[in-house]
Amino acid sequence: DDGAALLRNVEALPALAESARRLHADVFALGTQSLAVCQEQLMAVCQEAERVGKEMALNPLRREAAFTAAEAIRSSVDAAVQAHGSDKARASNLEAVQAAVKQLTFDPEAVAGAALLSSGTVGTRRYAAGQRLMVLNGGSWREAEVLTAGPEHVLRIDTGQEVSLQLHPWNHAPRELPLDDFEALREWWAESLRAQHAFIPDALTGTSLDALEQCVAIKVMGDDQLTGIRDVRGLSEWLHSLHSARLDGKDTSEVTAALLTAPAASGKTTLISQAVVLALGSAKLVPIVIKVQLLQARLLEAPDAFASSWNWVDAYLCLVHTEQPALYRMLRQALKARRALLLIDGLDEAGSTRTEIERHIVEVLAPQGHVMLCTSRPAGVDEKRFAGFHRLQLAPLTEAQQCQALTQRLGSAGKVEALMPFVNRMPKDVNTQERVTANPLMLSMVASVFELRQGVDMPKTVAELYEIASEAMQARGGVVSAELRKLLEAILFEAHAAQVRVITEAQLNRAALGVFGPEGALAEYDQQYTSPFKAFEGRAEEGHYVEVLRGDWKGQRGVICQDDKDSNPYKVKLADGTITDCLRPEELASSGLDKAACIAQIAKADGEAAAALQRAVDSLPTEACQALESLRKRVAQDTLPLLSLLQVEPLQMQSSHLSFQEYFAARAISSGAYRLPKASPPPWQWDAFWANAVTLGCEMGDDFGRGLQQTASVAAALDIKGELGGDRPTTIKAVASLLCALTELDLANNSLKDEEFLVLANTLKTNTSLTSLDLSGNELGSS
């Protein structure tokens, strides 16, 4: 039986991988031996390598790799043993042996997964007699009972008919609910989604707008299959066709997932609402909308719930619908039958968990075969990671589309004609070179500001537009005190510095202490409560609970499962079971504790820190406490339009749009009144989460640069030799902004390219403070 043979080969992989790992560690240990001893042991290494290679060659899953590695090992060992000359040459030969032996090492889980996928056995099902299922039979979903199992299952349908079906993930699921209950809950879910998505509120005025009447144009990115898709209707039809094509279970190779990218505030969320409404109209798939900022919040709150689930959408739905278990079971059944349309909105809003969430989408959800549309800003998208996804962009609004939208909004061609001169004077987006009004939210804000400021000059920059819009939104909710304004700015800054969208009591209290507390009180508080990952100063060892600091797993935590004590000693088993590649000591931070002890210590420290912060806030002046109470009350009553209530207890809220959070973060930085939390990366290592905030800050001029120096506690003489990292376009802009506040800057050894230096050069033209700039060791003039 082919399936049994494959299973035996897969089960043999861990032992083979361990043999290869030990051999690799032994070869690296030779580097610390004397040359004579090293040469004596090389032949023994060669013999052991041949043994391991022969053992691997018996397994079809590693045969080719074993043959290739064995040949490289033999030739490199022969060269090393016969080598004469300098110690440097002999060391080079030893490195060649080490590299050859490394070819034998592999990740058994990755090899097993690839083998299962290529075998076509992934997704096959076999159930015991008596198992209750929901099956797709004759174009309709019916309840069924398994009578006998085999390559095809014999089932008794709820009509009494017996049928034989080959079960695959797209034509059945274990029954979670009786069919009538499922359909009743599905109808309730549809009405709930329709109420949420059929109409969307205008950002400034709060007026309800018909979602399907909003113009959101789509551009295909080099994908022949998507040719002809120009709007959400075409996109919706195509997504549904992906599902229909899999119902026979034969062609399961094509990815049923798409990534749609577009700049800030360009209509991605509007398109998601449109896709929901259209899916409800067809009634074939069950739409499930996942706001990534809410997924991030749940992932941080309950990581174990996600680690133990078959996918994170299921884990998220279980947590969200704890009080509605029947609804959760309906959605779970739709997921298991691949009847759900997953609409995952805002990958760029995942903050510190972005890589973790994106990897799960690509490596788990997509292979499971869910029909899925994800949205993101372009900044920070890992092109290699999403290479297998269908790709789309939102196209900028044409002039004709802008006029059409303005006419629909303002009600007359005469008003549009009066507004167009201001539209034509709006700045161009630096990336698209289109006027910012080609962005739907910008156009809507321009229209609203035009109506508010009859006879008054229109704003000339996007930052000015946000300033006027935010003032209008605050006024719409009633009088806002000076204290409440300060608190609002501080809250949104704290949220952005923490790289979260969901604002909790933690950000609220930190903001209050920072704004209304004694000078330095927040910094002193941060100093007192240190993460165990920063407190431990010893060497990380196997069994330690650690946090990964760099690369694809940055920000994730797990347990060291391998320590070879060489230059690349560590592998870490993460919460979802993934095992990392080899990591260097500087690429992780250890707690010095095992997982249970570390989590207990973190929980204790977090509790103590939260209590201390609350005590500090409770002792603030009366006007501060009144501002806090006013904010909570107005968010609950929906009379503070810049913030939206997500949950009453414990309190959770978010900015009405991420771009407003970014504007207030940039404004807060410009003031120089705030400080980045102690654990925050510096501006020259910021990731794409900061991209739009930095862009808005650049429009604010030197105030932003000087404020950034204070906010990040940067000295006037700044040495960042070899330290430029993060999202390069963002960090280059941040450094360019800092120039106005610096006297010396060392940018050596940062692989700077000509186009990056031009960003700095444009700022240097008007700079009067910088006296020293080191650009040595870069790649200037090489292109």
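The values are calculated or read from the model by the stated rules, or taken from the named source; none is laboratory data. Since the model is a prediction, treat every value here as computed from it, not as a measurement. Cβ coordinates were reconstructed from backbone atoms using ideal geometry, including for glycine residues, and neighbour counts include every protein chain displayed. These area figures cover heavy atoms from the full protein model, side chains too; ligands, DNA and RNA do not enter into them. Shrake-Rupley method; radii C 1.70, N 1.55, O 1.52, S 1.80 Å.
As an exercise: evaluate Leu588 against (1) more than 22 Å from Ala17 (Cα to Cα); (2) open to solvent by 40 Å² or more (accessible area, probe 1.4 Å) and give the number of the one condition it does not meet.
It is condition (2) that Leu588 fails.
Mind listing just one residue for me: the one in segment 39-98 that is at pLDDT 85 or above and not in a helix (DSSP H, G or I) and, of those, farthest from Ala115 (Cα to Cα)?
Only one residue fits best here, namely Leu58.
Could you check, for segment 680-692, whether at least one of its residues is assigned to a strand (DSSP E or B), among the acidic types (Asp, Glu), in contact with an Asp or Glu (Cβ under 7 Å, 6 or more places away or on another chain) and modelled with pLDDT of 90 or more?
Looking through segment 680-692, none of the residues is assigned to a strand (DSSP E or B), among the acidic types (Asp, Glu), in contact with an Asp or Glu (Cβ under 7 Å, 6 or more places away or on another chain) and modelled with pLDDT of 90 or more.
Collect the residues in segment 374-417 that are within 25 Å of Leu465 (Cα to Cα), aliphatic (A, V, I, L, M) and in contact with a helix residue (DSSP H, G or I) (Cβ under 8 Å, 6 or more places away or on another chain), keeping them in residue-number order.
Ala379, Leu394, Leu397, Ala405, Leu406, Leu410, Ala413, Val416 - these are the residues of segment 374-417 that are within 25 Å of Leu465 (Cα to Cα), aliphatic (A, V, I, L, M) and in contact with a helix residue (DSSP H, G or I) (Cβ under 8 Å, 6 or more places away or on another chain).
Quick check on segment 183-222: of everything there that is open to solvent by less than 60 Å² (accessible area, probe 1.4 Å) and acidic (Asp, Glu), which residue is farthest from Ala283 (Cα to Cα)?
Selected residue: Asp202.
Pick from Ser751, Ser772: which is under 30 Å from Glu586 (Cα atoms) and free of Cβ contacts under 8 Å to residues at least 60 places away in the same chain?
Only one candidate passes the filter, namely Ser751.
Only residues in segment 385-406 that are closer than 20 Å to Cys215 by Cα count as the first member; pair them with residues that are polar (S, T, N, Q) and surrounded by fewer than 18 Cβ atoms within 10 Å (Cβ to Cβ), Cβ under 8 angstrom, at least 6 apart or cross-chain, and list the lot.
Pro396/Thr432
Quick one: in segment 223-275, which of the residues that are among the β-branched types (Val, Ile, Thr) and open to solvent by 60 Å² or more (accessible area, probe 1.4 Å) is nearest to Ser655 (Cα to Cα)? Give the derivation first.
Residues of segment 223-275 that are among the β-branched types (Val, Ile, Thr), as a first pass: 227, 229, 232, 252, 255-256, 261, 269-270, 272.
Still in the list and also open to solvent by 60 Å² or more (accessible area, probe 1.4 Å): 227, 252, 269.
Values: Thr227: 36, Thr252: 40, Thr269: 14 Å.
So, considering only residues that are among the β-branched types (Val, Ile, Thr) and open to solvent by 60 Å² or more (accessible area, probe 1.4 Å), the one nearest to Ser655 (Cα to Cα) is Thr269.
Identify the single condition in (1) of a type outside the set (S, T, N, Q); (2) crowded, with 21+ Cβ neighbours inside 10 Å; (3) at positive phi that Ala283 does not satisfy, given that it satisfies every other one.
(2)
Look at Thr322 and say whether it is touching a residue at least 24 places away in the same chain (Cβ under 8 Å) and within 30 Å of Glu494 (Cβ to Cβ).
Here the answer is no, as Thr322 does not meet what is asked.
When you look at Ser671, is it hydroxyl-bearing (Ser, Thr, Tyr) and under 16 Å from Lys486 (Cβ atoms), yes or no? It would help to see each step written out before you state the result.
Working: hydroxyl-bearing (Ser, Thr, Tyr): yes; under 16 Å from Lys486 (Cβ atoms): yes.
Criteria met by Ser671.
Quick check on Ile579: is it more than 20 Å from the chain's Cα centre (by Cα), of a type in the set (A, V, I, L, M, F, W, C), open to solvent by 20 Å² or more (accessible area, probe 1.4 Å) and more than 30 Å from Asp345 (Cβ to Cβ)? Even if it seems obvious, please write down each step before you answer.
Working: more than 20 Å from the chain's Cα centre (by Cα): no; of a type in the set (A, V, I, L, M, F, W, C): yes; open to solvent by 20 Å² or more (accessible area, probe 1.4 Å): yes; more than 30 Å from Asp345 (Cβ to Cβ): yes.
For Ile579, the condition - more than 20 Å from the chain's Cα centre (by Cα), of a type in the set (A, V, I, L, M, F, W, C), open to solvent by 20 Å² or more (accessible area, probe 1.4 Å) and more than 30 Å from Asp345 (Cβ to Cβ) - is not met.
What are the residues in segment 705-743 that are within 27 Å of the chain's Cα centre (by Cα) and in a helix (DSSP H, G or I), if any?
Matches in segment 705-743: Leu708, Thr711, Arg728, Pro729, Thr730, Thr731, Ile732, Lys733, Ala734, Val735, Ala736, Ser737.
Conditions: (1) among the hydroxyl-bearing types (Ser, Thr, Tyr); (2) surrounded by 19 or more Cβ atoms within 10 Å (Cβ to Cβ); (3) under 25 Å from Thr355 (Cα atoms). Ser751 meets all but one. Number of the miss?
Going through (1) among the hydroxyl-bearing types (Ser, Thr, Tyr); (2) surrounded by 19 or more Cβ atoms within 10 Å (Cβ to Cβ); (3) under 25 Å from Thr355 (Cα atoms) one by one, Ser751 breaks only (2).
If Ala469 satisfies every condition in (1) among the hydrophobic types (A, V, I, L, M, F, W, C); (2) open to solvent by less than 80 Å² (accessible area, probe 1.4 Å); (3) over 33 Å from the mean Cα position of the chain (by Cα) but one, which is the exception?
(3)
I'd like to know if segment 169-182 contains one or more residues that are of a type in the set (A, V, I, L, M), part of a helix (DSSP H, G or I), under 23 Å from Ala283 (Cβ atoms) and out of contact with any strand residue (DSSP E or B) (no Cβ under 7 Å at 6 or more places or on another chain).
As a first pass, look at segment 169-182 and keep what is of a type in the set (A, V, I, L, M): 173, 177, 179.
Still in the list and also part of a helix (DSSP H, G or I): 179.
So of that shortlist, the ones also under 23 Å from Ala283 (Cβ atoms) come out as 179.
Remaining after also requiring out of contact with any strand residue (DSSP E or B) (no Cβ under 7 Å at 6 or more places or on another chain): none.
No.
Restricting attention to segment 509-551, which residues are open to solvent by 30 Å² or more (accessible area, probe 1.4 Å) and within 23 Å of Glu483 (Cα to Cα)?
Arg510, Gly514, Val515, Phe516, Pro518, Glu519, Gly520, Ala523, Glu524, Tyr525
Just to be sure I understand the filter: pairs with C-beta atoms under 6 Å, separated by 6 or more residues or on different chains, first member in segment 611-634 and touching a residue at least 24 places away in the same chain (Cβ under 8 Å), second member of a type in the set (Phe, Trp, Tyr) and surrounded by 13 or more Cβ atoms within 10 Å (Cβ to Cβ). Which pairs pass?
Leu620/Phe516; Ala624/Phe516
If I filter segment 451-466 down to residues being in a loop (DSSP other than H, G, I, E, B) and closer than 20 Å to Val694 by Cβ, which single residue comes out as least open to solvent (accessible area, probe 1.4 Å)?
Pro459
Given the options Ser236, Ser253, name the one that is assigned to a loop (DSSP other than H, G, I, E, B) and under 27 Å from the mean Cα position of the chain (by Cα).
On the way: Ser236 fails: assigned to a loop (DSSP other than H, G, I, E, B).
On inspection, the qualifying residue turns out to be Ser253.
Would you call Leu775 at pLDDT below 95 and open to solvent by 50 Å² or more (accessible area, probe 1.4 Å)? Walk me through how you get there before you give the answer.
On the way: at pLDDT below 95: yes; open to solvent by 50 Å² or more (accessible area, probe 1.4 Å): no.
Here the answer is no, as Leu775 does not meet what is asked.
Among the residues of segment 352-393, count how many are open to solvent by 10 Å² or more (accessible area, probe 1.4 Å), of a type outside the set (Asp, Glu) and farther than 18 Å from Asp576 by Cβ. Outline the logic, then answer.
Here is the first cut: in segment 352-393, the ones open to solvent by 10 Å² or more (accessible area, probe 1.4 Å) are 352, 354-356, 359-360, 362-364, 366-368, 377-385, 387-391, 393.
The next check asks that each one be of a type outside the set (Asp, Glu); those that pass are 352, 354-355, 359-360, 362, 364, 366-368, 377-381, 384-385, 387-391, 393.
With the extra rule that they be farther than 18 Å from Asp576 by Cβ, the set shrinks to 377-381, 384, 387-391, 393.
Number satisfying all stated conditions: 12.
Kindly evaluate Lys415 against the criterion of being without any contact (Cβ under 8 Å) to a residue 60 or more places away in the chain, more than 22 Å from Arg377 (Cα to Cα) and not in a helix (DSSP H, G or I). Walk me through how you get there before you give the answer.
Values: without any contact (Cβ under 8 Å) to a residue 60 or more places away in the chain: yes; more than 22 Å from Arg377 (Cα to Cα): yes; not in a helix (DSSP H, G or I): no.
Against the criterion (without any contact (Cβ under 8 Å) to a residue 60 or more places away in the chain, more than 22 Å from Arg377 (Cα to Cα) and not in a helix (DSSP H, G or I)), Lys415 does not qualify.
Taking segment 232-256 only, how many residues are under 19 Å from Ala217 (Cα atoms) and of a type in the set (S, T, N, Q)?
Adding up the residues that qualify gives 1.
Could you please give the count of residues in segment 501-525 that are in contact (Cβ under 8 Å) with a residue 12 or more places away in the chain, of a type outside the set (Ser, Thr, Tyr) and within 18 Å of Arg675 (Cβ to Cβ)?
Here the count works out to 15.
Can you confirm whether Thr695 is among the hydroxyl-bearing types (Ser, Thr, Tyr) and at pLDDT 90 or above?
On the way: among the hydroxyl-bearing types (Ser, Thr, Tyr): yes; at pLDDT 90 or above: yes.
Yes; evaluated as a whole, the condition is true for this residue.
Out of segment 535-564, which residues are free of Cβ contacts under 8 Å to residues at least 40 places away in the same chain and part of a loop (DSSP other than H, G, I, E, B)?
Scanning segment 535-564 gives Glu537, Glu542, Arg550.
From the list Arg706, Arg675, Arg667, which one is closer than 29 Å to Glu519 by Cα, among the basic types (Lys, Arg) and crowded, with 21+ Cβ neighbours inside 10 Å?
Details: Arg706 fails: crowded, with 21+ Cβ neighbours inside 10 Å; Arg675 fails: crowded, with 21+ Cβ neighbours inside 10 Å.
Of Arg706, Arg675, Arg667, the one residue that is closer than 29 Å to Glu519 by Cα, among the basic types (Lys, Arg) and crowded, with 21+ Cβ neighbours inside 10 Å is Arg667.
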